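The values are calculated or read from the model by the stated rules, or taken from the named source; none is laboratory data. As the structure is a computational prediction, the values presented were derived from the model and not from experiment. FYI the Cβ positions are ideal-geometry reconstructions off the backbone, even for glycines, and counts take in every protein chain you see. Heads up: the accessible areas ignore ligands, DNA and RNA and are worked out on the full protein's heavy atoms, side chains in. Shrake-Rupley method; radii C 1.70, N 1.55, O 1.52, S 1.80 Å.
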Amino acid sequence: MASLVSSLAGKKVLIAGGVGTIGRGLARSLLQSGAIVVVNSRSQRKLDQLYEDLGRPERLIMINGTMMPSGVEETMNEVYKRADSIDHVVAHCGVRWWSRDSDETNITSLPSAATSSITSLGLEEFQVQTRMLVDMHWGVAAQTLPMMAGRPGTSFTFVTGGTNIRSSALQTMNTQMVWGLAEVLRSEAAAKAANMRGDCVHGVRVDEVRIQMKVDRDPKERAAEPRARPLSSDIGDVVAGLVSAGAKAACAETGVLHHIASAEEMKMKKLQYPTVVSPEDEIPVLWHWEKSKLMTPDSLALGK
């Protein structure tokens, strides 16, 4: 169990997929831990809303661009231009790659009916849509891991979800492919450490936090099993604590897959990976159906 409580003061953290419900929780907790947080989205409106929801933080860098293969290099060039370097990456896998909105990704179709079989897709469409999410996260990893390698205390953390009865066939396949990518990167990091035969390895720690709890519950579910605070905030706190613990390590440690499937497991992870939050950095909690009351047409137009 981690024994040190640490913060991320001055560290630069990139959240790939940081403008939705979970992304907001991640950004909130990382900002509260003192980090400079970089988020991206193709939607300037969503970036503006995130900025307002988080209380207009000075340490939030917003990049209007995609992490999909078609634009990841251009977006990362802008990230490095604005932030100079990145110390940690949090790759959030709840991105809506199927969104018709101007969101992070550009897939616009799914099998239209619940009874549709994935075999109804043409081969080309199947190949594209079943790997859209993993292609995005592979692109982020390919652009950031080499830049962080050799620097002590750097990390790459996947935040993934479980598959359930509500997941579509494409969601399930995309999610499991990201699980595979995370496992391969953890294995590569472990193999590199083993080959050093005990010498200090300044590699990148690769972790995965796999959440198997429902986030956007409907009102009936919330009434039946109320939560004291949003799950997105708890996820953010665990990830910020995990990243903080890795940042304190002098040498790279082998990454871990952290399963969280219950409120009790979430509580234990928060105790295992605590963070320091100074009063001046505290950001109010918002539930997933809430938005900041600071958001006005004027602030949207001005991007404030």
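Summary of computed values
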{"item": "Set 180, 241: member being more than 22 Å from residue 26 (Cα to Cα), at pLDDT 80 or above and open to solvent by less than 40 Å² (accessible area, probe 1.4 Å)", "result": "180"}
{"item": "Inter-residue pairs, beta-carbon under 8 Å, first touching a residue at least 40 places away in the same chain (Cβ under 8 Å) and in the range 65-77, second in a loop (DSSP other than H, G, I, E, B) and of a type in the set (Gly, Ala, Ser), 6+ apart", "result": "67/17"}
{"item": "Any hit, the range 66-75, residues being closer than 21 Å to residue 132 by Cβ, open to solvent by 10 Å² or more (accessible area, probe 1.4 Å), of a type in the set (Asp, Glu) and out of contact with any strand residue (DSSP E or B) (no Cβ under 8 Å at 6 or more places or on another chain)", "result": "yes"}
{"item": "Tally, over the range 257-268, of residues that are open to solvent by 40 Å² or more (accessible area, probe 1.4 Å) and in a helix (DSSP H, G or I)", "result": "5"}
{"item": "Odd one out for residue 143 among (1) under 24 Å from residue 212 (Cα atoms); (2) in contact (Cβ under 8 Å) with a residue 40 or more places away in the chain", "result": "(1)"}
{"item": "In the range 148-175, residue modelled with the highest pLDDT [restricted to those that are buried (at least 16 other Cβ atoms within 10 Å of the Cβ) and assigned to a helix (DSSP H, G or I)]", "result": "148"}
{"item": "Filtered residue count, the range 36-64, keeping only those that are under 27 Å from residue 146 (Cβ atoms), in contact (Cβ under 8 Å) with a residue 60 or more places away in the chain and touching a helix residue (DSSP H, G or I) at 6+ places or on another chain (Cβ under 8 Å)", "result": "2"}
{"item": "Single match in 95, 38, 19, 13 (criterion: open to solvent by less than 50 Å² (accessible area, probe 1.4 Å), modelled with pLDDT of 95 or more and either touching a Cys at 6+ places or on another chain (Cβ under 7 Å) or under 19 Å from residue 234 (Cα atoms) (or both))", "result": "13"}
{"item": "Single unsatisfied condition, residue 271 versus (1) open to solvent by less than 70 Å² (accessible area, probe 1.4 Å); (2) assigned to a helix (DSSP H, G or I); (3) not β-branched (Val, Ile, Thr)", "result": "(1)"}
